[in-house]
Each structure stands twice: as C-alpha cells, then as structure tokens.
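Read through the structure below, which is laid out as structure tokens, and then see the notes.
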Amino acid sequence: MRGWLGYNGIAEMKNEIQDWNEWLRRRIRMYIWKQWKLPRTRVKNLIKLGMPEWKTYRNGNTRKGYWAIAGSGILHHTITNERLASRGYYDISEAYKSLHLI
C-alpha cells in the first residue's frame with residue numbers, strides 16, 4: 001500500500017482514499033470475526049475486548065453473516081481503529097494527508 005500511495009499519492013483522491021480505508025478496516029474486522037469460528041470463542045474474545053457479558057452472549061451467537069457483523073456495532077465498538085493501529089494496521093488516509101501537507 002505504501003508503494004502504491006507513493007506512486008498515486010499526488011492525485012486529488014481524498015474521498016476515495018477514505019472510502020478504501022473504511023472498507024479495509026471492515027474487511028480486517030471480518031477476518032478477525034471469521035477466525036473466531038465457534039460462538040464460545042467469540043463470546044470469550046468479546047469479553048476480553050471489554051464488551052459487557054449480557055451483550056456478548058447475544059452477539060457471539062448471532063447468525064448474521066461475516067460482512068454484516070463487521071459493519072455492525074458489535075466489532076466496531078470492540079475492535080476500534082486505535083486497536084487496529086496499535087496492532088500495525090497502516091492507515092492510508094493518514095499517510096495520504098501527510099503527503100499532501102508537504
């Protein structure tokens with residue numbers, strides 16, 4: 001992503017970059033949810049992330065699809081953008097902004 005941003009970063013594409021960044025974050029959240037295959041694993045991990053227990057059992061046993069869960073508040077409030085950044089997610093919209101400040 002860094003190389004692509006360095007090559008195409010001179011273009012005025014702020015809105016597209018923000019859309020791609022949101023889509024990538026949602027996709028990462030979807031893969032994390034997919035890795036927690038069993039409902040008991042989902043419940044356990046949601047509790048670790050700070051969700052109240054009464055919500056974890058309801059949300060961990062949901063039958064919604066991966067993409068729907070990744071876009072809902074279940075993962076958006078537990079796997080925050082700050083947590084993704086602390087785990088090494090490269091925020092392309094911030095990099096784009098820094099390129100355009102120069």
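Structure notes:
- Here the relative contact order of the chain, from alpha carbon pairs under 8 Å that lie six or more residues apart, stands at 41 percent.
- Element breakdown for the chain at a 1.4 angstrom probe: carbon and sulfur atoms account for 54% of the accessible area.
- The chain, helix-only ellipticity at 222 nm - DSSP H runs n ≥ 4, -39,500 (n - 2.57), divided by all residues, nearest 500: -20500 deg cm²/dmol
- Set of lysines with alpha-carbon distance to Lys48 below 29 Å, sequence-local pairs under 8 removed: Lys34, Lys37, Lys64
- Estimated inter-spin distance, Lys55 and Ala85, nm [label 7 Å along Cα→Cβ]: 2.1
- For the pair Lys34 and Glu16, label points projected 7 Å from Cα toward Cβ lie 2.6 nm apart.
- Solvent-accessible surface of the range 39-102, averaged per residue with a 1.4 angstrom probe and all protein chains in place: 67 square angstrom.
- Relative to the longest principal axis of the Cα atoms of the chain, the long axis of helix 14-35 makes an angle of roughly 30 degrees.
- Straight Cα distances below 20 angstrom link Lys97 to the lysines Lys14, with same-chain residues fewer than 8 positions distant left out.
The values are calculated or read from the model by the stated rules, or taken from the named source; none is laboratory data. What you see is a predicted model; the values in this text were computed from it and never measured. Reconstructed Cβ throughout: ideal geometry from the backbone, glycine too, with neighbour counts over all protein chains shown. Accessible surface is based on the protein model in full, side chains and every heavy atom, while ligands, DNA and RNA are left aside. Shrake-Rupley method; radii C 1.70, N 1.55, O 1.52, S 1.80 Å.
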